[in-house]
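Each reported figure results from applying straightforward, stated rules to the coordinates on display, with no laboratory input. The model shown is predicted, which means the values in this text are computed figures rather than measured ones. Note that each Cβ is placed from the backbone with ideal geometry, even for glycine, and that neighbours are counted across all protein chains shown.
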Amino acid sequence: MVGIMEIYQLLPKLNCKECGKPTCMAFASSLLSGESGIDDCPPIADSEYRDQLQHLRSLLAPVGNATETGLIIHDELCFGCGNCVVACPVNVANDPHGAAIGLAPSNEKVILVVENGVVVARNVGECRRFGENKILCDACIVTCPSKAIEFV
Ligand code: SF4
Ligand code: SF4
Ligand code: SF4
């Protein structure tokens, strides 16, 4: 998982505030959460930062694909074993006769399902990490044998 210092080191480190943040470190945090985009930093478009910009874009690409809960599924690592599907407490609670026992979902409130050999996330609003009352559920992460799931 990409870290805030890794992001910070690639920024111009001018603390010029043009991005609307008080410091480059604050902007790095904002990039990591998905609140800001790289293009919100005007100085980094300067040719002297070309290599840094390219590196930043590649580092942040997965963050751009994160859901509202910060969930990222790395398709290339997922082999569709379904561990996360049956471990997700929301799947278990909402669909005890379907996804929770490894069958096709029979309830529209399931979050994780395997489609075409790869897990996909639906209904992320049902995830225990979603919204103001979120809790740091990690059932899907810890049961994945290939580290295909992360939260940013
Ligand atoms: S605009 Fe770029 S260089 Fe200026 S403070 Fe923000 S991140 Fe730093
Ligand atoms: S964090 Fe918890 S509730 Fe959310 S998808 Fe993963 S296992 Fe399900
Ligand atoms: S546990 Fe990991 S490898 Fe298995 S389906 Fe879920 S994300 Fe894919």
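Region 72-119 gives an Rg/Rh value of 0.96, both radii derived from C-alpha positions and Rh following Kirkwood.
Across region 4-64, Cα pairs under 8 Å and at least six residues apart give a relative contact order of 34 percent. For the chain, modelled as a GNM whose springs connect Cα atoms under 10 angstrom apart, the maximal fluctuation among Ile72, Ile111, Ile135 occurs at Ile135. For the chain, a Gaussian network of Cα nodes joined below 10 Å ranks Pro42, Pro89, Pro105 by mean-square fluctuation, and the top entry is Pro42.
Adding -39500 (n - 2.57) for every DSSP H run of four residues or longer, then dividing by how many residues the chain holds, sets the calculated 222 nm ellipticity at -8000 deg cm²/dmol.
What per residue convex hull volume, in Å³, do the alpha-carbon atoms of the chain yield? Kindly include the intermediate steps, with their values, before the conclusion.
On the way: hull volume 17.6 nm³, N = 152.
It comes to 116 Å³ per residue, whole-number rounded.
Treat the count of other C-beta atoms within 10 Å as a stand-in for reagent exposure and order Glu76, Glu18 from fewest to most.
By the 10 Å Cβ count, ascending: Glu76, Glu18.
Tally Lys/Arg at +1 and Asp/Glu at -1 over every other residue whose Cβ is under 12 Å from the Cβ of Cys78; what's the total? It works out to a net charge of -3.
Taking a sphere under 14 Å around the Cβ of Val118 and counting the other residues whose Cβ falls inside, with K and R at +1 and D and E at -1, yields a net charge of -2.
Defining a contact as two alpha carbons under 8 Å apart and six or more residues distant in sequence, what relative contact order in percent does the chain show?
Values: 223 pairs, mean separation 32.3, N = 152.
Answer for the chain is 21 percent.
Close amide H contacts of Ser36 (hydrogens built in the peptide plane, cut-off under 5 Å, sequence separation of 5 or more or a different chain): Leu31.
Between the alpha-carbon centres of region 68-107 and region 113-151 there is a gap of 7 Å.
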